[in-house]
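First the structure, in the form of structure tokens, and then the observations on it.
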Amino acid sequence: MGKTVLLNEIGSYARALGWTVLDETASEGFCDRLLAAANPDRRVGRITAGPSILGVSLGTVELDRAALSLREALGALAKRDNSGVLITLDEVQDASLDEMRALSVAIQHIIREDRNIAFVFAGLPSMIENVVNGRTLTFLRRAVPVELGPVDIEEVAQSFARTMAETGMAIAQEVCEELAESTQGYPFMVQLVGYYVWQAARKAGTDTVDKQRAQEGTLQARRRFDATVIEPVLQRLPGTAISYLLAMASDGAKPSESGEVARRLGKTLQQVSTVRARLMREDVIESRSWGRVSFAIPHMADYLNEHRDELEAEIASL
């Protein structure tokens with residue numbers, strides 16, 4: 001949560017220091033795009049940012065050539081004005097290990113040349129380990145890991161109070177605290193609640209956010225959150241995984257006993273272990289303590305219970 005925003009902030013800080021920042025997402029061909037961004041006018045020799053270097057199937061020769069090309073382009077960029085180069089890479093869990101290796105080798109050599117280069121990458125915590133621990137990617141293990149968690153509820157309440165005041169809106173501390181609790185510290189939900197609550201007050205023609213406006217805005221935020229976060233997550237999961245989540249939702253937002261979830265499904269712990277592991281790997285649920293799991297996404301239990309009948313009907317039709 002909040003990883004893309006953090007990458008943007010780091011990039012802004014680096015630009016303020018005079019560094020060149022290359023922002024990319026780790027979809028297929030990101031090394032080609034970095035090559036093109038680092039050398040848009042082809043001033044560095046032996047650069048070919050295309051499938052001939054980084055195609056779908058990369059052999060050892062192609063990988064070495066790609067790493068060399070990146071090294072030349074990024075090294076020249078860092079050397080050009082003697083400032084520095086920052087590369088930010090988002091959604092690393094989707095990255096090709098071949099491309100990650102090519103980029104890592106290039107960066108490692110530039111560091112050895114004593115050039116100013118920094119690399120910040122982000123992705124789902126449980127899945128990014130596959131990249132960091134991949135073969136020939138030991139260099140990435142030197143990275144300093146930072147795991148982003150929920151924003152402190154008190155800080156969220158203070159942020160609501162400060163932001164509303166800056167826009168001329170009056171809001172009671174009690175209302176700020178209730179709004180903060182509704183977000184569960186999830187950064188995107190913080191944005192949605194703040195936006196829709198402010199809009200509710202504006203549409204009502206008032207400069208005060210009272211409990212009625214807070215409720216209206218929070219309801220709108222929930223609908224948007226359901227449509228843009230929860231529903232896409234459920235759409236990519238198989239029926240067995242949704243059944244597991246529905247069994248958990250019987251406990252509401254409270255942590256569930258793994259053994260009890262298995263019992264509700266008529267299975268043993270061993271029989272549902274694969275499903276549980278997948279949900280944890282994709283950060284849909286998380287382990288709270290030994291044998292207990294909880295939802296990693298706020299309001300997931302509420303959504304599942306509200307749509308239980310239709311979800312169970314969909315699973316039965318598969």
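The values are calculated or read from the model by the stated rules, or taken from the named source; none is laboratory data. Source: prediction; values computed, not measured. In this analysis, Cβ positions are derived from the backbone assuming ideal geometry, glycine residues included, and neighbour counts consider all displayed protein chains. Surface accessibility is based on the protein's heavy atoms, side chains included, excluding ligands, DNA and RNA. Shrake-Rupley method; radii C 1.70, N 1.55, O 1.52, S 1.80 Å.
If the cut-off is 17 Å between C-alpha atoms, which lysines fall inside it for K211, apart from same-chain ones fewer than 8 positions away?
Those lysines meeting the cut-off are K203.
DSSP beta bridges in the chain, what fraction antiparallel, as a percent rounded to 5?
30
Rounded to the nearest 500, what is the chain's calculated 222 nm mean residue ellipticity when only DSSP H runs of at least 4 contribute -39500 (n - 2.57) each, over all residues?
Counting only the DSSP helices, I get -17500 deg cm²/dmol.
Could you work out the relative contact order of the chain, using alpha carbon pairs under 8 angstrom and six or more residues apart, expressed as a whole percent?
So the answer I get is 13 percent.
Compute the long axis of helix 269-281 from its Cα atoms, compare it with the longest principal axis of the Cα atoms of the chain, and write down the angle in degrees, 0 to 90, nearest 10.
60
Post the alpha-carbon centroid distance, the stretch 257-317 to the stretch 96-161, in whole angstrom.
What the calculation gives is 29 Å, centre to centre.
Taking only protein heavy atoms into account and a 1.4 Å probe, give the accessible area per residue of the stretch 157-243 in Å².
With the other protein chains kept in place, the stretch 157-243 gives 51 Å² per residue.
To the nearest 10 degrees, how steep is helix 173-183 against the longest Cα principal axis of the chain, on a 0 to 90 scale?
60
Just add up the charged neighbours of G11: K/R +1, D/E -1, any other residue whose Cβ is under 15 Å from the Cβ of G11.
-2
If you line up the long axis of helix 239-249 against the longest principal axis of the chain, both from Cα atoms, how many degrees apart are they, to the nearest 10?
50
For the chain, with all protein chains present and a 1.4 Å probe, just round the carbon and sulfur fraction of the accessible area to a whole percent. Spell out each step's value before the answer.
Numbers: 8440 of 17010 Å².
Ligands and nucleic acids excluded, carbon and sulfur give 50 percent.
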